[in-house]
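Asks: Before I ask anything, let me first share the structure, which is written out below as structure tokens.
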Amino acid sequence: MKQLNRVTIISVLALVIAILSLYISYHNLEVTKLSPGKARYIKDVYKVNLENINDVLLSNEAVFTNNPIISDNSITFSIDLNNIETYGQFAFDINNSSSNDVKVKDIIISGNEYSDLVNVKVLGIHKGDTISKEAIYKNAKIQIMRNDGAQGEPLSLNNLKVEFVFEKN
């Protein structure tokens, strides 16, 4: 009988301690949720747009089969270069409409299946350049030039893409 009373007393005591622990834990959680000092995360926001394709220049044997199209921060186009040393070129603007300076983090050129025969270059802006806040950068160009020195068979470059990656400076 004494053994049964002892087990009952220990069980009741353990239950009271468990309930008290839960109450204290819950109360601390509520105090933490209601405390006025909250951390704030402010996301860096900047808005850079590619705009206004202009000054399109083609040599005699070059033809844009798909005119340059701006989508997000990239320009996609297709061009036929029908002879040796033919080229195409166009200019575009970069509009930084944010209140922060932005840096060109990377320029990615993709889709050039004839990279050994054709150079695709971005002129007037380079990786690491800074574009001032609320400024329009008007000196950027993309140049596509055939320099293979081969027989001069026509080359069709489809879905060339030049993508710009920006970051807050």
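Read the figures in this text as sums done on the coordinates, not as results from a lab. Just so it is clear, the structure is predicted and the values come from calculations on it, not from any experiment. Neighbour counts are summed over all protein chains in view; Cβ atoms, including those assigned to glycine, are modelled from backbone coordinates with ideal geometry.
Asks: With each pseudo-label sitting 7 Å past Cα toward Cβ, what's the LYS121-ASN54 distance in nm, one decimal?
Replies: 2.3
Asks: Something else about it: For SER156, what charge total do you get from the other residues with a beta carbon under 10 Å from its beta carbon, if Lys and Arg give +1 and Asp and Glu give -1? Provide the component values of the computation, followed by the final result.
Replies: Details: positive: none; negative: ASP80, GLU113.
It works out to a net charge of -2.
Asks: Nearest 20 debye, what's the magnitude of the dipole of the range 48-168 about its Cα centre given +1 on Lys and Arg Cβ and -1 on Asp and Glu Cβ? Walk me through the numbers before you get to the answer.
Replies: On the way: 10 positive and 17 negative charges, 80 e Å.
My answer is approximately 380 debye.
Asks: Sorted by average packing, counted as other Cβ atoms within 10 angstrom per residue and highest first, what order do 81-88, 120-127 take?
Replies: Values: 81-88: 18.8, 120-127: 14.6.
Final packing ranking: 81-88, 120-127.
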